[in-house]
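Participant: Below: one structure in structure tokens.
Please treat every number below as a calculation from the coordinates, not as lab data. All values derive from a computational prediction rather than experimental measurement. Using ideal geometry, Cβ is built from the backbone for each residue, glycine included, and neighbour counts are taken over all protein chains shown.
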Amino acid sequence: MNTERYAKIIAQQFGFDHHTAKMKPIGNGHINTTMLLQHSGGAVVVQKLNTQVFAQPQELIANARKIEQHLKGKQVTGEYNLEIIEHLPTLEQRYSVEIEGQCWRALAFISESRSEDVVLCAAQAKIAAGAFGQFAAALQDFDATLLYPVIKNFHNLSMRMQMLDKAVREDKAGRVASVAEQLAFCNEQMHLVDELAALEQVLPLRVCHNDTKINNMLFSTKDNSAKAVIDLDTCMPGLWLFDFGDMVRTFCSPETEDSTNLDNVVVREDIFAALVQGYIEPLKEHITAQEKASFWLGAQVMPFMIGVRFLTDYLDGDNYFSIKHPNHNLERANNQFALYRDVVAQQHTLKALILQA
């Protein structure tokens, strides 16, 4: 990508000084291309949306803007004290531009903030989980059915297992023979599909962030407090157990999700306890007892399901997640399966922490 050329084009569309515009990569997301565009008047975040993943990018933007407006209302009433990621309009008052067949958008840059890829301590985990809990609480009275399902069946474990079976049958990349152990392990976890299907029939539908990784929450560089919840691309109707489970899989291991140091991919009990406390506290007035109990299933399902997705993409030839080398998705899958195994191994302790919160 000719970043200098794109920076000038985007700056012109959004009314920034294109003469001084330049941009550089920011963040480490798997799906969209995220850049920091700097110009004489300041800085904004710009993104090239991956339209293979988000086939209808305008629906994604519409969802995010609805959530922005709702959260702004909560700010006014003092029910939400975090900063809000806002879409910026073009000179023609549109919220995206098409450049050579690619969809770009601009987002307000939240200054004096930083992100983390690995949780460093329990106090940090509690702060971050509290931010996601506050986000969920502020949206508990938003009608989730008003949001587009930008990725249909995103957390449908049954469908994810079917997609894995399809990838095995087709064996497009000729890799099936090398992952027999992983495939056998996946087939042994089919009970999770039934448990999840049963809960989905009785739990309330919520607005979910659906990507509650630690690096989708910003800390203040001034005092390390919670600054903002970011990356609303996958906000859709869902169950809170998925957001809780995604925090388990991204907060609790001392290793990143593509680490090959599998002996060290474990659940840190103090981090788990901190995220339970941080997330549930803002939700206490809204969460049902059955929802809280369901968080234990979420803690199991999310590392397992993302492991299945990484393995499926590996077998399919690496068409979904960005990779840095040929075995990247396989290493990610092995990492997530290791984490899932440790969640199950510590089930008596971890489950009690949820139920006692």
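Participant: Rounded, prolate or oblate: which fits the chain when a ≥ b ≥ c are the square roots of the eigenvalues of the alpha-carbon gyration tensor, with rounded for a/c under 1.5 and prolate only if a/b beats b/c?
Facilitator: Oblate, because a/c is 1.5 or more while a/b does not exceed b/c.
Participant: Which loop-located trypsin sites (Lys or Arg not before Pro) does region 256-357 contain, where loop means any DSSP state but H, G, I, E or B and the Cβ has at most 12 other Cβ atoms within 10 Å? Don't jump to the answer; show the numbers that get you there.
Facilitator: On the way: sites: Arg268, Lys284, Lys292, Arg309, Lys324, Arg332, Arg341, Lys351; in loops: Arg268, Lys284, Lys324.
Answer in residue order: Lys284, Lys324.
Participant: So how strong a dipole does the chain carry about its Cα centre when Lys and Arg Cβ are +1 and Asp and Glu Cβ are -1, to the nearest 20 debye?
Facilitator: Numbers: 32 positive and 43 negative charges, 114 e Å.
So the magnitude is around 540 debye.
Participant: Also, quick follow-up: Tell me the net charge near Tyr320. Cut-off is 11 Å between Cβ atoms, Tyr320 excluded, with +1 for each Lys or Arg and -1 for each Asp or Glu. It would help to have the intermediate numbers written out before the result.
Facilitator: On the way: positive: Arg309; negative: Asp313, Asp316, Asp318.
Charge balance near Tyr320 sits at -2.
Participant: Find how much the distance from Arg94 to Ser322 grows on full extension, using 0.36 nm per residue of separation minus their present alpha carbon separation; answer in nm with one decimal. If you can, show how the numbers build up before the last one.
Facilitator: On the way: separation 228, 0.36 × 228 = 82.08 nm, distance 2.88 nm.
Here the answer is 79.2 nm.
Participant: Looking at the square roots a ≥ b ≥ c of the eigenvalues of the Cα gyration tensor of region 280-357, which shape do they give, rounded for a/c under 1.5, prolate if a/b is larger than b/c, or oblate? Intermediate results must be reported in sequence, preceding the final value.
Facilitator: Values: a/c = 3.67, a/b = 2.25, b/c = 1.63.
Cα axes put region 280-357 in the prolate bin.
Participant: Along region 126-143, what does the Karplus equation 6.51 cos²θ - 1.76 cosθ + 1.60 (θ = phi - 60°) give for ³J(HN,Hα), rounded to whole Hz, x for Gly and Pro?
Facilitator: 5, 4, 5, 4, x, 5, 5, x, 5, 4, 5, 5, 5, 9, 5, 9, 8, 5
Participant: Using just the helices of the chain, give the 222 nm mean residue ellipticity in deg cm²/dmol: DSSP H runs with n ≥ 4 each add -39,500 (n - 2.57), and the total is spread over all residues, rounded to 500. Please report the intermediate quantities before stating the final value.
Facilitator: Details: 11 runs with 160 residues, N = 357.
It comes out at -14500 deg cm²/dmol, rounded to the nearest 500.
Participant: Just name one of Phe321, Gly78, His39: the one whose Cα is farthest towards the positive end of the charge dipole of the chain (beta-carbon charges, Lys/Arg +1, Asp/Glu -1).
Facilitator: Farthest towards the positive end: His39.
Participant: Under 12 Å from the Cα of Lys166, which aspartates and glutamates turn up, not counting those fewer than eight places away in the same chain?
Facilitator: Asp313, Asp316
Participant: Then there is this: Please report, in debye to the nearest 20, how large the charge dipole of region 3-109 is about its Cα centre when each Lys and Arg carries +1 at its beta carbon and each Asp and Glu carries -1 there.
Facilitator: Numbers: 11 positive and 10 negative charges, 20 e Å.
Roughly 100 debye, rounded to the nearest 20.
Participant: I'd like the distance separating the alpha-carbon centroids of region 280-357 and region 89-137, in whole Å.
Facilitator: 22
Participant: Which listed residue (Asn264, Leu120, Thr90) has the Cα farthest towards the positive end of the charge dipole for the chain, taking +1 on Lys and Arg C-beta and -1 on Asp and Glu C-beta about the Cα centre?
Facilitator: Result: Thr90.
Participant: Filter the cross-link list Lys72/Lys292; Lys126/Lys213; Lys126/Lys152; Lys213/Lys292; Lys66/Lys227 down to pairs whose alpha-carbon distance in this structure exceeds 24 Å. If you can, show how the numbers build up before the last one.
Facilitator: Working: Lys72/Lys292 27 Å; Lys126/Lys213 13 Å; Lys126/Lys152 31 Å; Lys213/Lys292 20 Å; Lys66/Lys227 20 Å.
Too far apart for the 24 Å limit: Lys72/Lys292; Lys126/Lys152.
Participant: Expected output is a single nm value to one decimal: the length gained when fully extending between Asp143 and Arg169, i.e. 0.36 nm times separation in residues minus the C-alpha distance. What is it? Show your work: numbers first, answer last.
Facilitator: Numbers: separation 26, 0.36 × 26 = 9.36 nm, distance 4.00 nm.
Working it through step by step, the gained length comes to 5.4 nm.
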